Amino acid sequence: ARASWSGESHDRSPPSLGAKMEGDGLSQAHVTLLHLLYGPTLPILATLDKTDFDRRARELLSATWEAVRLVAKSGSPAAKRQRYGGFTENDQATIAEDFKSRSQSSRSKRGLGYSGATDRPPGQQHRGESSSSHPFVAAGGSSTRSDADEHDKIMKGHYDSHGRKNQTFEQRRSGRAIQLKNLHNNIKRQMITRFCGRKRLRNNSLRLFDIACGRGGDINKWGIAGISEVRGVDLSPAEIKEAQRRWQGSRNRYRHLKCTFEQSDDVGRQVLPGLNRQYDAVTCMFAAHYFFRTEATALAFFKNVRAALKPGGYFFGTVPDGKAVLALIGGAGRYDNPVLTLEKRWTGDHQAFGSEFIFKIFDTVTDGGEGSREFLVFSSVFKKMAEKFGLEPVVNYEDRKFNGLFNGNDRNQLLKHFFPRYNGDTDLEEVSKLNAAFCFRMRE
């Protein structure tokens, strides 16, 4: 045991990780432990959170002790032991099966201590929720770097195909979803004006960081609000290219505004460079749920928000409400109307992270192919994660400009559900009702 922490060679350490951290003064044994806690994709060391580190370590210790207990009980011959700590393949199968059965019978969400009681859809019984089903996988999800790369590749392909579309103004206005787009854009406009337009610094300068900026559809909103500088990031190269094109066409109209757009896969992996807590606001419109693929990606997302925001700055946006999605999908696991398709892709009970579903809305960016691969987000989970990073909910901000935009029952709630009225198009209204606005303020 002493030798394993002395910095001596440790043949189980992943060589790529050891090489990566050699200059940081970590022994290979330290790197091995980090590999077990965080999986193959390690965050930047300076961004590690001690509370999160301690929790992961406790879960790993507990899972390892349970594995040791099961192996000792199985009595497998030592000569046949292989892999982790001398476990045979049969031992590992026994461990995995036992861990799986215990996880499925769990009555509460692990990881961040969510009860989930407030997140069940109306009329349904409480669903137990658990985390990773393998004791040697990073806490918060069984996803590997290759899983993340594959998911990002699929989503890039989906949004790249939309980034290359060149619809005319008349084509956009004649689509069935035009009422939905108008309402959603108006809600974004009022949110941007409310939390950016009124917050003027003495030098009349305001900086905004937009996560998942897409094709730059909010450039006009930023310009009208009087924002001086925007940095936008997105997964899709084609969408970024289109955002840059749109910005070039708008520069003469908004001479006070400077926009930069960049492609990045890393918002859900590590803190982006150059954030430096210099932004007065961070926005994420209709995209925060993509980062709930695992607990690790959600944590990285919120780390970027914290790294960008000044004290007292606002983080706001819009997101599909997981509770509303569950209510529509119901026990059938799928919901269809002429403009909307929802399809459950998770197995067993829904969880705080990684509960994937297909979301397809006719005549929008989620249309095309099988639809967009998205993840359930619940208000209680969202709020608790945000609070972990110093973000306090802002719930009373509606003024007369918000009249009729949100459900009146949500006045004191974090998630304010859209309140659509589309001239009798109830199918389209059902789509908008899935979405809600949110706002947080960074603690000073």
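Every number here is computed from the coordinates shown, using simple stated rules; none is lab data. These numbers come from a predicted model, not from an experiment. A quick note on method: Cβ atoms are made from the backbone with ideal geometry, for glycine too, and the neighbour counts reach across all protein chains shown.
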With a bin width of 5 angstrom, please list the P(r) values of the range 147-442 as percents of all Cα-Cα pairs, from the 0 bin to the one holding the largest distance.
1, 5, 12, 17, 20, 19, 15, 8, 3, 1, 0, 0
Computed ³J(HN,Hα) along the range 252-259: with the Karplus parameters 6.51/-1.76/1.60, θ = phi - 60°, integer Hz and x for glycine or proline, the list is 5, 6, 10, 5, 7, 9, 10, 10
Residues Thr32, Thr47 in order from fewest to most other beta-carbon atoms within 10 Å are Thr47, Thr32
By average Cβ neighbour count within 10 Å, what is the ranking of 48-60, 183-195 from highest down?
183-195, 48-60
Simple SL model, points at 7 angstrom along Cα→Cβ for Asn185 and Arg443; separation in nm is 3.9
Tell me, Cys196, Cys439 in order of fewest to most beta-carbon neighbours within 10 Å?
Cys439, Cys196
Residues whose built amide H sits under 5 Å from the amide H of Arg334, excluding neighbours closer than 5 in sequence, are Lys344
With viscosity set to 0.890 mPa s and temperature to 25 °C, compute the Stokes-Einstein D of the range 347-444, Rh being the Kirkwood radius across alpha carbon pairs; µm²/s, no decimals.
157
Euclidean distance between Cα centres, the range 272-330 to the range 385-444, Å
15
